[in-house]
Structure formats: structure tokens, C-alpha cells
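> Pasting in a structure now, in C-alpha cells, and then I'll have a few things to ask.
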Amino acid sequence: MSIPAYGTGEYWAAYARGLISDDQALRDGEVFHARQSGIAVPSKARKAPRRVYQPAPMRRRQYTRAMSTRADRDQRINAEALRTLRQIVALSGNRGFVETTKGALASAFGVSLSSIKRHLRVLQGDLGPGLRGDAYIVTDVIKRGGKAVGLRILLTSLVEPFYKSIKKSTGGSDTTHSKVKDSKNKPFLPKPPQFSRTDARSQFVRIMRDVEEPILKAPARHIDEVFDPDLEDVGLLN
């Protein structure tokens, strides 16, 4: 039964018939007058979600390596699947893949087995009937003796950072691109020569020899070559 608005004739009629108790009428009256006077009415306390009562995660030396932000910007996948992807990247490390089981992933991530199956389908690009998205992982069943014993999850190139593709294309280290970029932005500054005391002494002797040798080897000039008739009158050549 829906309770009529406080103060209306229907409300008091329901109160007279005993459909509204005295305590209910008193509470409705306090809320009505508080709203009329502009006083904020406290709402009912919301029940906290169950996840806040879960224990804190255990301390581990596990971390997520660098990855592309394409999955973060993909609005077609939900936050739970994205968190699963980050955990898979952390477990993969530098290998680019991880061998595990769906049950082990569900236990490690604290979710149900059905949630892990759904997340893996979404991360493989299966968004629903007839809908395909980007594949961030590829799964392969591990079989031993003809029986499935595990699951191999491989990361695709959409998860790798951009400099991984540069390193593969150049065939060298990933610092080649950064060195070329820095050399374009910085002016050329010649490196000053480094000399020891012995080198400095040898260089000084070499310089002096280069200066003195042309002077000693120069041919003797005849007096007629430098004779100036104007100087004869002043007696400079006497």
C-alpha cells in the first residue's frame, strides 16, 4: 500500500482508519515540517557493498610492466575485464605469455570462475553474438597425453608499448630512437681535447718546430732586393 502525501485528506483518512500508525504519522510530520523550513533531512543509510568487507590483498613483489593504454581507452570492455588484463600482463612478465588455469586465475584475482571465462572472451574480442572487438590476448589449451591440463595466454601486439615495435624494426636496442631524437634537439658541441702533461709538452715542442723551420729554411735575400733609393739620402744604407 502506498502512503498518501502528508497533510492531504487521503492521508488523514488513512490515519483515521488505522492504516497509518501514530509513530509513522509523527515521523512524517517531522519530515514535512523540516522540509518546509529548509532543514536538510538525513536520508536512509545506504548499505555498504559486500566488497568493502573483503580482506586486504596480501603483500607481494609483483608489478605490472609497461603496456599500451589502448585497452584503457577501449570503452567496449568493462573495468573488470581490464583489471584481469593487467593481472595477466603482470604474470606474463617479459615472456609475453603465462601458463595457468582458469581456476587458478579466479582464485588469484578473487572472482568467480564464470567471471574469468567472461573476461577472457571479452579480451579475445568476443563482445557478443555477431560482435567482434580488438583481441588483446590469444588463448591456447595445453594438452599432455591427450588431456587438457592448462591454458596458455599470449599477449598480442595491442598490449605492447610502442617502442617494442621500434626495437623489432631496427633490430637494435630501443635507445637508438631516443639518441637520434636527442641529437636533433641539442646543438653540436665539440669535445675539448684531453692532454696529459707529457702530451702538452710534446705538442708545444711540435708547434715551436713548425714555426721555426720555415724561418730557418727561408732563402737569403740579396741587398738589391730590399734596396730603397729614397733611403740613401738619409744615410741608412751607409
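Taken together, the values in this text are just the output of simple stated rules run on the coordinates, not laboratory data. Quick caveat: nothing in here was measured; it's all calculated off a predicted structure. Cβ placement follows ideal geometry from the backbone for every residue including glycine, while neighbour counts extend to all protein chains displayed.
> Could you grab me the full set of residues in the stretch 81-97 that are within 16 Å of Arg60 (Cα to Cα) and among the hydrophobic types (A, V, I, L, M, F, W, C)? Break it down into steps so the answer makes sense when it comes.
Keep residues of the stretch 81-97 that are within 16 Å of Arg60 (Cα to Cα), which gives 86-93.
Hits for the stretch 81-97 are Ile88, Val89, Ala90, Leu91.
> Show me the helices (runs of 4 or more DSSP H) found entirely inside the stretch 54-113 where at least 1 residues are exposed (fewer than 10 other Cβ atoms within 10 Å of the Cβ). I'd like the intermediate steps shown before the answer.
On the way: elements: 70-73, 79-92, 102-109.
Counting at least 1 such residues, we get 70-73, 79-92.
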